[in-house]
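No lab work stands behind these numbers, since they all come straight from the coordinates. Please read these numbers as outputs of a predicted model, since none were measured by experiment. Counting neighbours? That spans all protein chains shown, and the Cβs are built from the backbone with ideal geometry, glycine included.
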Amino acid sequence: MRLSPRVRCRRESPFPVSDTACEFVPAYNRRRVQDAAASRSEESRITLTQFSRSGLALPIRELTLLPIQPVEPTELPHIAAELESRGVRVRLERAVLRPRGAYDAERGQFRAEVLLDAACNVPARPLVAITAADCYAGDLNFVFGIAAPAGGPAVVCLHRLHAGAAPQSFFARVIKEIVHELGHTLGLAHCRDRSCVMHFSNTLADTDAKSELLCSACRKRFQTLNHKPYR
Ligand SMILES: [Zn+2]
Ligand SMILES: [Zn+2]
C-alpha cells in the first residue's frame, strides 16, 4: 500500500508489546536516510572527522524545536539554551495546537504517533517536537519519545521526565532524550553500552545513568551507514 505524503514518515512496523519507555522504528530504510541527508546543502555540513573531534553529541549544528500543545512556555527557552551551550543553533517554531485525535480521554494520555504526524507536516529538519503531555504509543504504557526514520522528525514528551528530578536533572534528561531520538532519526538503533545515549531507556534510572553522548561504537556506525550528517 502506498503511503500518503502526510504519513510517509510514520513508523513502518508495529511497536513491540512491552512496558518500555522509548520507541523508534527499527526497520529504517538506510537508502532513504542517505537520500534525505544528501539533499541537504553541502555548506556548513559537519564531516565525520569534524564530528569525531567536535565533542558534539550528534553531527548537527542546527535544530528546530516545535512546541506541540500542551507546553510549558518557560521550559522551551531553557531547553534551547541547553542545546545552544552544546554548540547547536536552535530555531523555535511557533507552537502548534493539540492535533485532532491526539488526546485519548479514556487513558488520560496523548497518542505520540498523532503528534509525530503533526511534526511531519513541518518541513524543517532536523526537527524535534516538544510536548509537556504524557504520551503513549502502540502497546507501550508511556513513551519518553518517538522518532520517525529516514531523517524524519522526532517527538520528546516531557511529562514523565519531571519525576523526582530537580530542575537541572530534568533538563539533563530532556537533552538525553532529544539526542537519543535524533539518533534514531539519523539511523542509529539502540546500543548495549549503558553509558551511551543510544542505550534503551526502560526507566528514568536508565536515562539518568547514561551520558548524553554517543559511544565510540555508535560514532563508528555513522560511517557504516555512510551517513551524510545534517547541516
Ligand atoms: Zn530509543
Ligand atoms: Zn552506543
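The figures follow:
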| item | result |
| --- | --- |
| In the stretch 70-133, the GluC sites (Glu not before Pro) that fall in loop regions by DSSP, at most 16 other Cβ within 10 Å | 93, 106 |
| Separation between Cα centres of the stretch 84-103 and the stretch 166-225, rounded to whole Å | 20 |
| Selection of trypsin sites (Lys or Arg not before Pro), the stretch 131-196, meeting DSSP coil and at most 15 other Cβ within 10 Å | 192, 194 |
| Equivalent ellipsoid dimensions for the stretch 94-167 as semi-axes, Å, which come from the Cα gyration tensor, largest first | 19, 15, 12 |
